[in-house]
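Student: This structure is in structure tokens; I'll ask about it shortly.
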Amino acid sequence: MSIGREEVLHVARLAELDVPPGDVEGLVAQISRIVDYVAQLNQVPAGEHALAFQAGPPAVTLGEDTPGAVPLVRGPESFAPEFRDGLFLVPRLGAMEGE
Amino acid sequence: MIGVAEQAKRVQGGKVSAADAARETAERLKLAEARGLNATLHWTDEMLTAEGRRVDALRAKGAALPLAGVPVALKDNIVTTDAPTTCASRILAGYMSPYDATVTTRLRDAGALIAAKSNLDEFAMGSSTEHSAFGRVLHPLDPDRVPGGSSGGSAALVAAGVVPAALGSETGGSVRQPASFCGIVGVKPTYGRVSRFGLVAFGSSLDCVSVFGRTVDDAARVLEVISGHDLRDATTVDAPVSPVLATPGSLRGLRIGLPTEYFPADLDAGVRAGVDRAAAALKALGAELVPVSLPHTAYAVPTYYVLAPAEAASNLARFDGARYGARRIGPAGDLPSLYRATRGEGFGPEVRRRILVGTYVLSAGYYDAYYAKAQQVRNLIAADFTRAFGTGGVDLLLTPTTPTPAFRAGEKTADPVSMYLADIFVSAVSLAGLPALSLPSGRSEGLPVGAQIIAPAFGEGRMLAVAAALESAIDGTAEVR
């Protein structure tokens, strides 16, 4: 196993993800298998200065730096259950306790 | 099943109303449900009736509607305002989007009927549509087999004749692979050709809304409608959209490359026979077949399974119980505990696995060894294609789409790497951001096999025209072994 139980639990904490105790051993085996598999990339001769990939053709890498907001699909009032006088209405703090 | 062009002509010309088309679609959806395909996650008679009325009203105003009354299913990771969007995950059960995706709006504006939200692998992570929180999708020709994935619901609906076209999404082959398994056409456009606004993000540098059709023409007509620049997606390109081209009678002067790495010795005999048949037909049409090499092909799957989980770990951080869908309060009763409990219970096993792998390869101790290295290898994979299509090179590439026909349900679920290798011939194209399609090339012991055509960036027009010529030249349902 290239990855141990403690390492998987540490990564789960980083990912803010509860892992049921009964699933840990299975995850250790599966993640080790995946990590061992992808480690073959280290055999590829790509110098340390090799370029990283940028998604899409060069023309789409960056949009124009044009000021101004992208218009909303609909008015802001339709994006919240309650809206009044240009403001979203939200529950008072504490009102959602026990939910 | 009537094709896209014919259906649009019938409705636009007033031969049938869109309301009638909606009723016919509802009947076919009911039959698919009765067969137990489990291909849909949401549709209702009311939703379809409203769609029919809407399109009839547009037609009455004299609008030109290239997809008038054409029913199109959407993979349930494309947001719609009139139906829930769940990504086949418990964490998003019942979630209603406050806006339509750009592709949804463009389909509606073109007169299409949004027919159903289709089943998928949870958050589009999978190659078999067995990883849905709402049950697996059955292969329309053999219920013991998988339809492929992750867009298996959309593929099954098209293959079963419920709709002539459907949208899926590709991050690493999730439309071409199920198209091949189900014996239909699946088209992945160039990254940047179609807006991702309203497509729930998985791997943002890879995600592409893609199209299924019963025929090349069906898929091409839908792709034309959804393509084009969108202010809401900065990676879309402001370039002319390929119109649907006439099928060429001859391919004389066209150079088509056959990459040696895509024809390994252990390639399934039926798959090989299907591609050999496609190659022979292209040659008979006048194309020149040229052996080429894409030397980094073997590294595409491991590269993909570093980069896609890394991007997924980041993108799926937003599903934390505070803003979307389900919420669980953890034992500590505080906010971090709410995040952990909601995510731990809400995500299924494959999504949890990928989030953990993605977090691991992005963590400080391993970032250079895995993530940075994979980014470099991705560049080498893209450079292979650039060389093949470069000066004096080929115009298109022809390969098998998958290494085998559809596999049996449960056959690969115990070993994630074995499942990942089902995408071995489709993931390199996704990493390079290129357009490609899968076309039925025959059947092997009754199961469909597909041939893949790959084009240079923004070369969809020629790719689709050549595919249409090939489609006319071979019977995609004939036995090849």
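A short reminder: the numbers here are calculations on the coordinates, not readings from a lab. These figures come from a predicted structure and were not determined experimentally. Reconstructed Cβ throughout: ideal geometry from the backbone, glycine too, with neighbour counts over all protein chains shown.
Student: For chain B, with the dipole built from +1 on Lys and Arg beta-carbon atoms and -1 on Asp and Glu ones, taken about the Cα centre, which of B:Ala313, B:Ala19, B:Tyr191 lies farthest toward the positive end?
Tutor: So the residue we want is B:Ala19.
Student: For chain B, what is the calculated [θ] at 222 nm in deg cm²/dmol (nearest 500), taking -39500 (n - 2.57) for each run of four or more DSSP H residues and dividing by its residue count?
Tutor: Only helices count here, giving -11500 deg cm²/dmol.
Student: Of B:Ala93, B:Pro331, B:Ala451, whose Cα points farthest to the positive end of the dipole of the protein assembly as shown (charges on the beta-carbon: +1 Lys, Arg; -1 Asp, Glu; origin at the Cα centre)?
Tutor: Farthest towards the positive pole: B:Ala451.
Student: Taking the Cα centre as origin and putting +1 on Lys and Arg beta-carbons and -1 on Asp and Glu beta-carbons, what dipole magnitude results for segment B:4-226, to the nearest 20 debye?
Tutor: I would put it at about 420 debye.
Student: While we're on this one: What's the magnitude of the charge dipole for chain B around its Cα centre, counting Lys and Arg as +1 and Asp and Glu as -1 at the beta-carbon? Answer in Debye, nearest 20.
Tutor: Here the size comes out at about 460 debye.
Student: Work out the P(r) tail for segment B:347-456: percent of alpha carbon pairs separated by more than 18 Å, whole number.
Tutor: Result for the distance tail: 64 percent.
Student: May I ask you to derive the relative contact order of segment B:193-262, considering only C-alpha pairs under 8 Å and at least 6 residues apart, and to give it as an integer percent?
Tutor: 31 percent
Student: Now, a different point. Which value, in debye to the nearest 20, describes the size of the charge dipole of segment B:175-280 about its Cα centre when Lys and Arg Cβ atoms bear +1, Asp and Glu Cβ atoms bear -1, and nothing else is charged?
Tutor: For segment B:175-280, the charge dipole is close to 200 debye.
Student: Beyond 26 Å, how much of the Cα-Cα pair distribution for segment B:4-226 remains, as a whole percent?
Tutor: That fraction is 26 percent.
Student: Convert each backbone phi in segment B:403-412 into a coupling constant with the Karplus relation 6.51 cos²θ - 1.76 cosθ + 1.60 (shift: θ = phi - 60°), then list the ³J(HN,Hα) values in order as whole Hz, x for Gly and Pro.
Tutor: x, 9, x, 3, 8, 6, 4, x, 5, 10
Student: Ok, one more. Let me check I've understood the local charge: for B:Pro295, count other residues with C-beta under 9 angstrom from its C-beta, Lys and Arg +1, Asp and Glu -1. What total comes out?
Tutor: In short, -2.
Student: For B:Ser154, what charge total do you get from the other residues with a beta carbon under 10 Å from its beta carbon, if Lys and Arg give +1 and Asp and Glu give -1?
Tutor: Net charge in that neighbourhood comes out at +1.
Student: How would you rank B:Phe197, A:Phe88, B:Phe181, B:Phe202, going from fewest to most other Cβ atoms within 10 Å of each one's own Cβ?
Tutor: A:Phe88, B:Phe197, B:Phe202, B:Phe181
Student: Neighbour counts of other C-beta atoms within 10 Å: give me A:Leu14, B:Leu157, B:Leu223 arranged from fewest to most.
Tutor: In order of increasing Cβ crowding within 10 Å: A:Leu14, B:Leu223, B:Leu157.
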